[in-house]
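Participant: Below you'll find the structure I mean.
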C-alpha cells in the first residue's frame with residue numbers, strides 16, 4: 001500500500017467571485033511534517049479550509065485524495081471521520097455545550113464508538129494536564145470566554161483527543177508566548193508517531209525549531225512558488241517573501 | 001459507518017405519536033347550556049359550580065376573539081368534541097389503569113418517572129384524571145394533591161375562594177370558555193410552613209380526534225411554604241383541529257416559594273390557548289420554567305401579579321417553532337407592591353418556516369416604588385424562511401423604577417456548523433447540538449428527565465431534516 005496520506009492535485013478554489021487558489025498541488029506522506037508559509041492573503045488559510053471542505057469556498061478544479069480515496073466531494077464531517085483535523089485560527093464559541101461533552105461527541109463520531117464517560121474523562125484530563133490547561137475548562141462551554149491562548153490550547157486538546165491521521169494547524173502558534181508555543185509544539189510532537197502527519201501553517205520560526213519540518217512550501221498569490229527543505233525557513237525569516245514574488249514575476 | 005455518531009440517546013418518534021382508538025363513554029358536540037348541565041351532572045357537581053359554569057358561558061357568548069396575535073379563526077367550537085371521558089374511573093394504583101391507556105403512559109415513562117423521584121402523579125388522559133397517587137409522607141405533611149373534581153367536592157370553601165379568582169372568566173374569551181367547560185386537572189394545597197421536598201408532577205395527554213382539553217390547575221401555597229410543580233404535556237397527532245384552553249391559577253402566600261415548570265409538546269394541529277396566572281404575596285418568590293415545542297398555534301403568556309412588597313418573579317422560557325407552527329409566547333409581570341423584582345429571560349428558535357413571536361408586558365403600578373424589571377429575549381433563526389418577532393410592552397406608572405430590556409435576533413452561524421462538522425459531527429447533529437446549547441439555560445432549570453425530553457424534542461426536529 002502506498003504511503004501517501006494526502007494528495008492535492010491542481011486545486012483551484014474561490015470565495016464568491018474571487019479566485020484565491022490558482023492551481024495548488026501538494027503531497028503529504030505518512031509520518032511527515034510539512035510547513036506552509038507565505039505572506040498575508042496568499043491563500044494559506046483557504047488552502048487549509050478547502051482540505052477541510054469549508055462550504056464557503058468553491059473548488060472549481062482539481063482533486064483531493066486521502067489514503068487513496070477521492071474525497072473531493074465529501075463534506076467536512078466525512079473528511080474528519082477519515083482522520084483529517086484542522087485547528088482553527090479563530091475557534092468558534094458555542095454556548096451551552098461543554099468542552100468535555102463536545103470532544104466526547106466528536107470522539108464518538110470520529111471513531112464510531114461510544115465513549116464511556118469516566119474513561120474518556122480520565123484521558124481528557126491527562127491531555128489537559130500535558131497542555132497545562134486547567135481541568136475546570138472541561139466543564140466550561142466550548143471556547144466561550146476563552147482567551148486567545150486558551151482557545152489555541154482547546155484546539156490542540158481536541159487534536160490530542162481525536163488523534164487524527166493528518167492535523168492541519170492554521171497559525172496555531174500565532175499570538176502565543178514562548179512557553180505556550182512550547183506546550184503546543186510538545187502536544188503536536190506527541191501526536192507524531194511515524195504514521196501521523198502534520199501540516200503547519202505559520203509565520204513564525206519558533207514552532208518550526210521545535211518540530212523540525214521535512215518540507216517547506218511557500219504559497220504566494222494562490223500558487224506554491226517553492227518547495228524546499230527546512231533551510232528555506234531561515235531565508236524567509238531574514239528576507240521575507242519579497243524576493244520570492246519577484247522571482248515569480250520574472 | 002453507523003448512522004448515529006454523536007452521544008445522543010436514540011429517539012423513537014413513535015413515543016410521541018402513540019394513538020389509541022377513541023373509546024369514549026361520553027361525548028358532546030358543540031356548546032350550549034344543556035351541554036354544560038350534562039357535563040356538570042356527569043361530574044356530580046354541586047349547584048354552585050354549575051352556576052359558575054353557566055355564568056362563564058354567558059361571558060363567553062359576550063366576548064369577541066382577541067383582536068391581536070396569531071390567526072385562530074380556524075378554531076370552530078361547534079366542531080370540537082369538548083368533553084370526552086375515558087371509560088376508566090379514577091384509579092389510585094397503576095395496576096387499575098386500563099391496558100391501552102397504560103400502554104400510552106408506559107411509552108411516556110410515567111411510572112418510571114414516579115419511581116425515581118416524583119412525589120405524586122396526576123396524569124390527565126383526555127378530560128378525566130385516570131391515575132392519581134400521592135405519597136404517604138406528603139399526606140402526613142398535610143399536603144393535598146387531588147383532582148380538581150375531587151377538590152370541588154371535598155374542599156368547597158377553598159375552591160370557592162380561589163377558583164377563577166386569579167384568572168376570571170372576563171380575562172378573555174377562552175378563559176370564559178374554560179370556566180364553562182373545564183374538566184380535569186390538579187388541585188394542590190400546601191399548608192403554612194410546609195416545604196415539599198420532591199417535585200409534584202402532572203402529565204397531560206390528549207387522546208381523541210377533535211377533543212378539546214380544558215384542564216384546571218389550582219395551586220395554593222400558604223405562608224412560608226415551598227413547592228415545585230411540574231406540568232408536562234405531550235399529545236399524539238391527529239388530522240382534525242384540536243383546542244387546548246387550560247387554566248393554571250397559582251396563589252403564592254407571603255414568604256412562600258413556588259416553581260412551576262412546563263414542557264409542552266402538543267401535536268402539530270393543536271391550538272394551545274392556555275392561560276396561566278399567579279398572584280404572589282409579600283417576600284414571596286415565583287419561578288416559571290417553560291418549554292414550548294408543540295402545537296400549530298400557541299398563545300401563552302404566564303402572568304405574575306407581584307402583589308406583596310419585596311416579592312420576586314423569574315421567568316425562563318424556550319420556544320421552538322418548526323414548519324407550520326406559529327408560537328406566540330412570552331410572559332407578563334404586574335408590579336403592584338414595593339421593591340418587587342421581575343426577570344424575564346427567553347430563548348426562541350424558528351426553523352423550516354416556523355414563526356416564533358416573543359411578547360412581553362411589564363406593568364409598574366403607582367405604588368410599586370423601587371421596583372426592578374429585566375426582560376431579555378434571544379432568537380435564533382435556522383434558515384431564511386423562518387420568522388422571529390419580538391414585541392415587548394412596558395407600562396410604567398412610577399418614576400422610582402429600574403427597567404432593562406434586551407433583544408437579540410440572529411441566524412444560526414455557518415461557522416459554528418462548520419466547526420462542529422470539522423470534528424466529525426454530521427450537519428443535522430451539529431445544528432441540533434447548537435440549538436440544544438442555545439436552549440441550555442432552560443434545560444438546566446429542569447429536572448433531569450424533563451431536560452432529557454426537551455433535548456429529545458430538539459433532536460426530533462432535526463431527524464431526517466435535509467440541509
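Participant: Quick check: is even one residue across the range A:144-156 within 13 Å of chain B (Cβ to nearest Cβ) and touching a helix residue (DSSP H, G or I) at 6+ places or on another chain (Cβ under 6 Å)?
Facilitator: The answer is no; no qualifying residue exists.
Participant: Check off (1) touching a strand residue (DSSP E or B) at 6+ places or on another chain (Cβ under 9 Å); (2) crowded, with 20+ Cβ neighbours inside 10 Å; (3) within 7 Å of chain B (Cβ to nearest Cβ) for residue A:79 and give me the number that stays unchecked.
Facilitator: Here residue A:79 clears every test but (3).
Participant: Does the range A:13-34 hold any residues that are over 17 Å from residue A:46 (Cβ atoms) and either free of Cβ contacts under 8 Å to residues at least 24 places away in the same chain or surrounded by 16 or more Cβ atoms within 10 Å (Cβ to Cβ) (or both), and which are they?
Facilitator: Passing the criteria: A:27, A:28, A:30, A:32, A:33.
Participant: Does residue A:67 count as in contact (Cβ under 8 Å) with a residue 12 or more places away in the chain, within 22 Å of residue B:426 (Cα to Cα) and away from chain B (no Cβ under 14 Å)?
Facilitator: Against the criterion (in contact (Cβ under 8 Å) with a residue 12 or more places away in the chain, within 22 Å of residue B:426 (Cα to Cα) and away from chain B (no Cβ under 14 Å)), residue A:67 qualifies.
Participant: For the structure I just gave you, tell me whether residue B:318 is assigned by TED's automatic domain parsing to the domain that holds residue B:402, at negative phi and at pLDDT below 95.
Facilitator: It is false that residue B:318 is assigned by TED's automatic domain parsing to the domain that holds residue B:402, at negative phi and at pLDDT below 95.
Participant: Do we find that residue A:124 is closer than 16 Å to residue A:154 by Cα, surrounded by 21 or more Cβ atoms within 10 Å (Cβ to Cβ), more than 9 Å from chain B (Cβ to nearest Cβ) and in contact with a strand residue (DSSP E or B) (Cβ under 9 Å, 6 or more places away or on another chain) in this structure?
Facilitator: Here the answer is no, as residue A:124 does not meet what is asked.
Participant: Given the criteria assigned by TED's automatic domain parsing to the domain that holds residue B:165, modelled with pLDDT under 95, buried (at least 24 other Cβ atoms within 10 Å of the Cβ) and touching a strand residue (DSSP E or B) at 6+ places or on another chain (Cβ under 8 Å), does residue B:269 qualify?
Facilitator: Spelling it out, it is not the case that residue B:269 is assigned by TED's automatic domain parsing to the domain that holds residue B:165, modelled with pLDDT under 95, buried (at least 24 other Cβ atoms within 10 Å of the Cβ) and touching a strand residue (DSSP E or B) at 6+ places or on another chain (Cβ under 8 Å).
Participant: From the list B:460, B:382, which one is more than 14 Å from chain A (Cβ to nearest Cβ), within 30 Å of residue A:168 (Cβ to Cβ) and either surrounded by 14 or more Cβ atoms within 10 Å (Cβ to Cβ) or at pLDDT 90 or above (or both)?
Facilitator: B:382
Participant: Of the numbered conditions (1) surrounded by fewer than 23 Cβ atoms within 10 Å (Cβ to Cβ); (2) more than 23 Å from the chain's Cα centre (by Cα); (3) within 14 Å of chain A (Cβ to nearest Cβ), residue B:397 satisfies every one except a single condition; which is it?
Facilitator: Residue B:397 satisfies all of (1) surrounded by fewer than 23 Cβ atoms within 10 Å (Cβ to Cβ); (2) more than 23 Å from the chain's Cα centre (by Cα); (3) within 14 Å of chain A (Cβ to nearest Cβ) except (3).
Participant: May I pose another question? What single numbered condition from (1) assigned to a loop (DSSP other than H, G, I, E, B); (2) surrounded by fewer than 18 Cβ atoms within 10 Å (Cβ to Cβ); (3) facing chain B (nearest Cβ under 8 Å) fails to hold for residue A:74?
Facilitator: (3)
Participant: Checking the structure you have, find out if any residue of the range B:338-346 is assigned to a strand (DSSP E or B), closer than 28 Å to residue B:307 by Cα and touching a residue at least 60 places away in the same chain (Cβ under 8 Å).
Facilitator: Yes; the residues of the range B:338-346 include at least one that is assigned to a strand (DSSP E or B), closer than 28 Å to residue B:307 by Cα and touching a residue at least 60 places away in the same chain (Cβ under 8 Å).
Participant: Would you please name the residue that is farthest from residue B:348 (Cα to Cα), looking only at residues in the range B:429-444 that are more than 7 Å from chain A (Cβ to nearest Cβ) and surrounded by fewer than 21 Cβ atoms within 10 Å (Cβ to Cβ)?
Facilitator: Among those residues, the one meeting the criterion is B:444.
Participant: Also, I was wondering about something else. Just checking, does the range B:27-38 include any residue being in the same structural domain as residue B:271 (by TED's automatic domain parsing), modelled with pLDDT under 55 and exposed (fewer than 14 other Cβ atoms within 10 Å of the Cβ)?
Facilitator: Yes.
Participant: OK, next. Any residue at all in the range A:53-63 that's modelled with pLDDT of 95 or more, assigned to a helix (DSSP H, G or I) and within 10 Å of chain B (Cβ to nearest Cβ)?
Facilitator: For the range A:53-63, residues modelled with pLDDT of 95 or more, assigned to a helix (DSSP H, G or I) and within 10 Å of chain B (Cβ to nearest Cβ): absent.
Participant: Tell me which residues, restricted to the range A:105-123, are under 20 Å from the mean Cα position of the chain (by Cα) and touching a residue at least 12 places away in the same chain (Cβ under 8 Å).
Facilitator: Matches in the range A:105-123: A:106, A:107, A:109, A:110.
Participant: Among the residues that make up the range A:173-180, is at least one of them surrounded by fewer than 18 Cβ atoms within 10 Å (Cβ to Cβ), more than 12 Å from chain B (Cβ to nearest Cβ), over 18 Å from residue A:93 (Cβ atoms) and modelled with pLDDT of 95 or more?
Facilitator: no
Participant: Is it the case, given these coordinates, that residue B:74 is modelled with pLDDT of 90 or more and not in a helix (DSSP H, G or I)?
Facilitator: Judged against the criteria, residue B:74 is not a match.
Participant: Can I ask one more? Please count how many residues of the range A:6-44 are in a strand (DSSP E or B) and within 17 Å of residue A:208 (Cβ to Cβ).
Facilitator: 6
Participant: Hey, can you tell me all the residues within the range A:35-58 that are more than 15 Å from the chain's Cα centre (by Cα), at negative phi and free of Cβ contacts under 8 Å to residues at least 40 places away in the same chain?
Facilitator: Listed by number, the residues that qualify are A:40, A:55.
The values are calculated or read from the model by the stated rules, or taken from the named source; none is laboratory data. Keep in mind it's a predicted model, so treat the numbers as computed, not measured. Heads up, the Cβs are rebuilt from the backbone with ideal geometry, glycines too, and the neighbour counts pull from every protein chain shown.
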